[in-house]
Each structure stands twice: as structure tokens, then as C-alpha cells.
1. Step through the table entries Lys106/Lys149; Lys7/Lys90; Lys90/Lys169; Lys113/Lys169; Lys7/Lys113; Lys7/Lys169, compare each Cα-Cα distance with 24 Å, and write down the pairs that go over it.
2. At R0 = 25 Å, how high is the FRET efficiency between Ile254 and Ser92 if r is their beta carbon distance? Nearest 0.05 is fine.
3. Could you give each residue of the range 6-11 its phi-based ³J(HN,Hα) in whole Hz, using Karplus coefficients 6.51, -1.76, 1.60 with θ = phi - 60°, and x for Gly or Pro?
4. Considering the chain, what Rg and Dmax in Å follow from its alpha-carbon atoms?
5. Using θ = phi - 60° and the Karplus relation 6.51 cos²θ - 1.76 cosθ + 1.60, list the HN-Hα couplings for the range 175-189 in order, rounded to whole Hz, with x at every Gly or Pro.
6. Per residue Cα convex hull volume for the range 149-274, in cubic angstrom?
7. If packing is taken as the average number of other Cβ atoms within 10 Å across a peptide's residues, how do 6-17, 215-226 rank, most packed first?
8. Taking Rh as the Kirkwood radius, which is the inverse of the mean 1/r over Cα pairs, what is the Rg/Rh value for the range 21-133?
Amino acid sequence: MGEQIVKVWANYYQQFDADYSRDVPGEGYGGWQRAEIEIVPEHTAVAVMHAWDPFTRQEFPGWYRAVEYLPRCERICREVFPPLLEAVRKSSLRLFHVQSQGEFLKKYPGYAKTVELAGPEPPNPQAVPSDSVTRKLGQFRGDNVFPGKGNAEDCSRVSKVIDFAPQAKPLGDEPIAVTSHQLAALCRHHQVNHLIYMGFAIDWCLLMSPGGMLDMSRYGVTCSAIRQATTAVENHLTARRELCKEIGLWRVSIMFGVVFDADDLMAALKKLSR
């Protein structure tokens with residue numbers, strides 16, 4: 001029997017044609033469009049990335065002052081994750097979890113299996129030596145850019161107790177990866193060439209952190225995202241309209257894959273069974 005192909009409605013951005021009869025030629029671009037695309041479930045996995053427990057503002061006020069998207073993460077984990085992850089787990093798509101390094105991962109069997117599968121990490125590139133001036137600049141940035149001198153203690157405290165959000169905890173031995181090398185090993189082992197990301201944040205960790213789209217695209221993996229299952233790092237000019245999220249999703253469409261709506265993906269997954 002041949003591989004099963006499933007059609008899913010998806011969003012893509014039409015980055016053409018610039019209209020030079022306009023004052024701003026780029027305003028002639030087609031913008032967001034929708035189309036039915038094909039996926040092969042056997043070669044597709046959903047990647048839940050950096051879905052950390054946001055805890056509460058009362059517990060870690062400094063963390064919340066520096067990371068304003070935490071309330072959005074909490075709402076998305078509470079409202080969007082449960083039906084979406086249930087649909088994935090009931091389907092034939094694979095489910096991978098991508099986290100950052102931490103002692104808490106040792107209690108999850110899926111992480112130990114991934115480490116064994118992936119083997120030793122390749123050597124890191126040799127770092128360029130720093131000096132006292134660049135170290136001083138780093139301290140200046142920590143105090144004045146992020147997270148801020150008054151918030152650093154809380155951010156350090158939360159890093160020691162970080163764990164999966166309750167709605168995003170792996171079940172059984174669902175695979176967990178920390179590094180791009182480990183996630184690529186999972187993709188090769190399970191013959192996955194299309195990762196559909198959900199988690200936080202679309203313009204930051206999902207883009208640049210180990211296991212994010214930038215690294216995985218270099219392994220030849222197509223990387224897509226689910227609009228309702230992510231948010232972005234915003235600034236004071238963008239936060240009200242979540243413009244950085246819009247830019248992040250645009251970047252996914254232009255550079256990596258497509259953008260799914262959660263309802264469209266869940267509707268397609270109902271046609272699939274394990």
C-alpha cells in the first residue's frame with residue numbers, strides 16, 4: 001500500500017507582485033491566502049516547544065514584569081492545548097516535545113530514550129574569546145535591556161523549578177528533545193520530514209532556540225506552525241495588536257512552511273486513526 005495523503009486547509013502568504021504604480025510597491029503583494037495542501041501523516045509530527053508552566057504573577061512577579069506574554073501562554077495552554085493535543089494523540093501523527101535543558105527532564109522516560117537514540121552531541125564551534133569590555137556590556141544588557149536588574153532574581157528562581165505546563169506534559173514515553181541534534185535524530189528515526197510547531201514564542205524560541213525552525217530547516221525539515229497555539233515576544237509598540245506574532249507567522253510562511261488554524265488541523269486529524 002502507498003503512503004496515506006491527507007488534505008488540510010492552510011494559510012500561506014503571497015509575497016508577490018510588488019506594484020510599482022503604488023506609492024508603496026509592497027502594498028501590491030497578495031498577502032494571506034488559503035489553500036488545501038497535502039501532508040503525509042507518516043512523515044509529519046507536531047512539535048510542542050517550550051510550553052513551560054507559567055506559574056503565577058504572585059509567585060514570580062519579576063518574571064512576569066520581564067515576560068509580558070506569560071498570561072497569553074497560560075490562556076493558550078488552558079484553552080487551546082487540550083483539544084488540540086487530544087486530536088493529535090488520537091491521530092496517526094507523531095507528537096514530539098522540545099524543551100530546554102533541565103534536571104526536571106530526568107523524570108520523563110521519553111527524554112532518556114531520545115538521548116540514547118541521538119547519541120553524543122557533535123562538538124560546538126570554538127567560541128570567540130570574550131574580554132572584560134564585552135562581559136561588562138553583557139552585564140549592562142542584563143540590567144537595562146532584559147530581564148532588568150530588579151527582575152533577574154525571580155528569573156533565576158523560576159529557572160530552577162521550571163517544568164512543562166500541566167496541559168503540555170508528555171504522556172508515557174512520548175519523545176522529548178532538548179537539542180537540534182536530538183530532534184533531528186527523532187525525525188530521522190521516525191522518518192519525519194515535516195514538523196508542525198506549537199508553543200512559545202513564534203518569533204523567539206520557536207525560531208532561534210535549539211530545536212527551532214531555523215536549525216531544523218538546515219536539516220531539511222519543513223517547519224509549519226499553528227496560529228492559535230502560539231504567541232510572540234512583543235514590545236510596547238506592538239503588544240496591543242500582537243504585531244510581532246503577525247510578523248512571526250509571516251516569517252514561517254515565507255521561510256519555512258505554512259500556517260495552520262487549529263480547527264482546520266483538528267478537522268483533518270479526525271480522518272486519521274492510530
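Readers should treat all values here as calculations from the given coordinates under stated rules, not as data from a laboratory. Owing to the predicted nature of the structure, the values given are computational and were not obtained by experimental measurement. Methodologically, a virtual Cβ is constructed for each residue, glycine included, from the backbone with ideal geometry; neighbour enumeration extends over all protein chains shown.
1. Working: Lys106/Lys149 31 Å; Lys7/Lys90 18 Å; Lys90/Lys169 16 Å; Lys113/Lys169 16 Å; Lys7/Lys113 32 Å; Lys7/Lys169 29 Å.
Where the Cα-Cα span goes over 24 Å, the pairs concerned are Lys106/Lys149; Lys7/Lys113; Lys7/Lys169.
2. On the way: r = 29 Å, r/R0 = 1.17.
The pair Ile254/Ser92 has a calculated efficiency of 0.30.
3. 10, 8, 9, 5, 9, 10
4. For the chain, the Cα-based Rg and Dmax read 19.8, 64 Å.
5. Once rounded to whole Hz, the list reads x, 10, 10, 10, 10, 5, 4, 5, 5, 5, 5, 4, 4, 5, 4.
6. 152
7. Put in order of decreasing packing, that is 215-226, 6-17.
8. My calculation of the ratio gives 1.09.
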